[in-house]
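Trainee: Please see the structure below; I have some questions.
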Amino acid sequence: MGNSNAEYTTIDEYIRQFEPEVREKLERLRAVIKEAAPDAVEKISYQMPTFYLYGNLVHFAAFKTHIGFYPAPSGIEAFNEEIAKYKWAKGSVQFPMEQPIPYELIERIVRFRVAENIRIHEEKKSSVPAVVPGTVNES
């Protein structure tokens, strides 16, 4: 199992710490996320592999008995019926190591989160008032 005290700067470093069978699951999970969110940037946040697109998109992490997947509360709510068979909380779900990882479900959740983050980003952009030189709203 991995070194929980280590500080990682890349997802590669994070994944390298695990046994081969866990590394394989993490690499496949990473590939599924990359395919579903090709414009997202990889980074480490909260010492977990993270994909970022106009904000944190999803995180994932390996533990002794499960893979944790963190798609924010909205990602859990949108797929609550399919996630119900797993241990889950407001913004996370645990996929047991001894069971197949539901990569197709993860892909759909990531696509949902991509659309959500883009929509929120566009709404924020359109709600920012334009600054017109010589007017009251000029800083």
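Taken together, the values in this text are just the output of simple stated rules run on the coordinates, not laboratory data. Remember, it's a predicted structure, so these values are computed and weren't measured experimentally. For neighbour counting, all protein chains shown are included, and Cβ atoms are generated from backbone atoms with ideal geometry for every residue, glycine included.
Trainee: Name the residues in the stretch 1-60 that are more than 25 Å from Glu122 (Cα to Cα) and charged (D, E, K, R), would you?
Mentor: Across the stretch 1-60, the qualifying residues are Glu7, Asp12, Glu13, Arg16, Glu19, Glu21, Arg23, Glu24, Lys25, Glu27, Arg28, Arg30.
Trainee: Among the residues of the stretch 21-39, count how many are crowded, with 17+ Cβ neighbours inside 10 Å and either free of Cβ contacts under 8 Å to residues at least 12 places away in the same chain or out of contact with any helix residue (DSSP H, G or I) (no Cβ under 7 Å at 6 or more places or on another chain) (or both).
Mentor: Counting residues in the stretch 21-39 that are crowded, with 17+ Cβ neighbours inside 10 Å and either free of Cβ contacts under 8 Å to residues at least 12 places away in the same chain or out of contact with any helix residue (DSSP H, G or I) (no Cβ under 7 Å at 6 or more places or on another chain) (or both) gives 2.
Trainee: Please go through the stretch 102-127 and give me each residue that is under 20 Å from Lys34 (Cβ atoms), surrounded by 11 or more Cβ atoms within 10 Å (Cβ to Cβ) and among the hydrophobic types (A, V, I, L, M, F, W, C), ordered by number. Show your work before the answer.
Mentor: Here is the first cut: in the stretch 102-127, the ones under 20 Å from Lys34 (Cβ atoms) are 102-118, 121.
Still in the running and surrounded by 11 or more Cβ atoms within 10 Å (Cβ to Cβ): 102-103, 105-114, 116-118, 121.
Hits for the stretch 102-127 are Leu105, Ile106, Ile109, Val110, Phe112, Val114, Ile118.
Trainee: Condition first: crowded, with 18+ Cβ neighbours inside 10 Å, on the phi < 0 side of the Ramachandran plot and of a type in the set (A, V, I, L, M). Now tell me which residues in the stretch 50-101 satisfy that.
Mentor: Here is the first cut: in the stretch 50-101, the residues crowded, with 18+ Cβ neighbours inside 10 Å are 50-51, 53, 56-62, 66-67, 69-72, 75-76, 79, 83, 92-93, 95, 101.
Pick out the ones that are also on the phi < 0 side of the Ramachandran plot and you get 50-51, 53, 56-62, 66-67, 69-71, 75-76, 79, 83, 92-93, 95, 101.
Within the stretch 50-101, Leu53, Leu57, Val58, Ala61, Ala62, Ile67, Ile76, Ile83, Val93, Ile101 meet the criteria.
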